[in-house]
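The values are calculated or read from the model by the stated rules, or taken from the named source; none is laboratory data. None of these values were measured; they are calculated from a predicted model. Quick reminder, even Gly has a Cβ in these numbers, built from the backbone with ideal geometry, and neighbours come from all protein chains shown. When the accessible area is computed, the model is the full protein with side chains, heavy atoms only, and any ligands, DNA or RNA have been set aside. Shrake-Rupley method; radii C 1.70, N 1.55, O 1.52, S 1.80 Å.
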Amino acid sequence: MKKSFKMIMAAATAVLLIGFAGCKTTEVAGSGIKGKSASVKKVKRQIVDYQGATLGSEIPQWVKLVSEGQYGQKVLSKAMPDLEGKKVFVVTGRGDNLDFVKSWVNLVDIETEVSGALERVTGKVVTSKLEGAASAKGQEASQTEVSKALNDYRIALQDVRIAGLERVAEYWTLIDVVEKGKAVDSYYEYYTVWSMDQKVFNTQLEKSLEHIDEATTEAAELKKLVKEKLENELSVSSNNSEALEEADSYIVYAE
């Protein structure tokens, strides 16, 4: 059934849907990828159908960036100029049924997903930074210290209010997983891009972190790193743990 569908439709990954379901029109740049030439060689996956393929549309650059886990405004705004000055969030879904994947993505509580991502990314930054600092001294990080820091940041981030979020783009792709020249699996990938005013987000984040201890140089450096990562790099949500881990792997948590 999947094979017949592929023959009817054409070839896959995500492209910006302009004016779909009432979404705001967003200017995008092309990626240079079209039709069956599309291939993600790194993970041995091939795009076999995508939204707009029957019209010969070009897959936009932002799709490639999102598929690599590059969700930050600084990166995406180069391919989507309308995102300049916006804080960007991405929600993705993966599955063998396009309608099901769309439903899952479109029914998520975006504010809850964003809050969860804030906590998840912060947890990785804090753990990585503290463990790295201890390792540089030839020591092991105190789990009591790590747990306390994680809890302090978790409580602080509960004060962040996500307001004015707007869905600005959505798209789908159909991908074959290839091994030894043969397709062994296929799945749909569905993306939605949300945004809000960057200054509003930064203000909310700054306010929420006011009470985080920065009495020591180490604490101050950690707070600065957490703030930087949450302002500039943030994956939001996926119903597929592999996709989530893959996206998170592009974020450098400790510096």
Mind checking which residues of the range 96-122 are touching a Lys or Arg at 6+ places or on another chain (Cβ under 8 Å) and under 17 Å from Glu231 (Cβ atoms)? Glu119, Val121, Thr122
Unique match (being modelled with pLDDT of 90 or more and in contact with a strand residue (DSSP E or B) (Cβ under 7 Å, 6 or more places away or on another chain)) among Leu150, Leu130, Leu174, Leu157: Leu174
Counted residues in the range 204-215 being without any contact (Cβ under 8 Å) to a residue 24 or more places away in the chain and closer than 20 Å to Val88 by Cα come to 1
With the checklist (1) of a type in the set (A, V, I, L, M, F, W, C); (2) at pLDDT below 60; (3) in a helix (DSSP H, G or I); (4) within 19 Å of Ala243 (Cα to Cα) in hand, flag the one item Ala21 doesn't pass. (4)
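Output the residues belonging to the range 92-126 that are among the β-branched types (Val, Ile, Thr), out of contact with any Phe, Trp or Tyr (no Cβ under 7 Å at 6 or more places or on another chain) and touching a residue at least 60 places away in the same chain (Cβ under 8 Å). Spell out the reasoning first.
Taking the range 92-126 and keeping what is among the β-branched types (Val, Ile, Thr), we get 92, 101, 105, 108, 110, 112, 114, 121-122, 125-126.
Then keep just the ones that are out of contact with any Phe, Trp or Tyr (no Cβ under 7 Å at 6 or more places or on another chain); that gives 108, 112, 121.
Selection gives Val108, Val121.
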Just the residues that are under 17 Å from Lys129 (Cα atoms), open to solvent by 60 Å² or more (accessible area, probe 1.4 Å) and without any contact (Cβ under 8 Å) to a residue 40 or more places away in the chain, please, taken from the range 221-243. Lys224, Glu228
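Residue-wise test of (1) open to solvent by less than 40 Å² (accessible area, probe 1.4 Å); (2) in a helix (DSSP H, G or I); (3) over 19 Å from Ala117 (Cβ atoms).
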| site | (1), (2), (3) |
| --- | --- |
| Ala149 | yes, yes, no |
| Val160 | yes, no, no |
| Arg167 | no, no, no |
| Asp176 | yes, no, yes |
| Val184 | no, no, yes |
| Tyr187 | yes, no, yes |
| Val193 | yes, no, no |
| Gln204 | no, yes, no |
| Asp213 | no, no, yes |
Of everything in the range 44-70, what is closer than 30 Å to Ser115 by Cα, in contact with a helix residue (DSSP H, G or I) (Cβ under 8 Å, 6 or more places away or on another chain) and not in a loop (DSSP other than H, G, I, E, B)? Give them in sequence order. Pro60, Gln61, Trp62, Leu65, Val66
Have a look at Glu246, Glu218 and point out the one that is touching a residue at least 40 places away in the same chain (Cβ under 8 Å), charged (D, E, K, R) and out of contact with any helix residue (DSSP H, G or I) (no Cβ under 7 Å at 6 or more places or on another chain). Glu246
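State all residues of the range 71-112 that are in a loop (DSSP other than H, G, I, E, B) and open to solvent by less than 60 Å² (accessible area, probe 1.4 Å); if no residue qualifies, say none.
The initial filter retains those residues of the range 71-112 that are in a loop (DSSP other than H, G, I, E, B), namely 71-72, 80, 84-85, 96-97, 108-109.
Scanning the range 71-112 gives Tyr71, Gly72, Met80, Gly85, Val108.
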Any residue at all in the range 115-124 that is touching a His at 6+ places or on another chain (Cβ under 7 Å), in a helix (DSSP H, G or I) and not acidic (Asp, Glu)? no
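Looking at the range 47-58, is at least one residue of a type in the set (S, T, N, Q), surrounded by fewer than 21 Cβ atoms within 10 Å (Cβ to Cβ), over 21 Å from the mean Cα position of the chain (by Cα) and at pLDDT 90 or above? If you could, list the steps in order and put the result at the bottom.
So the first thing to find is which residues in the range 47-58 are of a type in the set (S, T, N, Q), and the list is 51, 54, 57.
Filter again for surrounded by fewer than 21 Cβ atoms within 10 Å (Cβ to Cβ), leaving 54, 57.
Going one step further and asking which of them are over 21 Å from the mean Cα position of the chain (by Cα), we end up with 54, 57.
Then keep just the ones that are at pLDDT 90 or above; that gives 54, 57.
Checked the range 47-58: at least one residue is of a type in the set (S, T, N, Q), surrounded by fewer than 21 Cβ atoms within 10 Å (Cβ to Cβ), over 21 Å from the mean Cα position of the chain (by Cα) and at pLDDT 90 or above.
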Restricting the search to the range 113-147, which residues are closer than 25 Å to Ser235 by Cβ and open to solvent by 80 Å² or more (accessible area, probe 1.4 Å)? Glu119, Glu131
Anything in the range 94-127 that is at pLDDT 90 or above, within 16 Å of Trp172 (Cβ to Cβ) and polar (S, T, N, Q)? List them, or say none. Asn97, Ser103
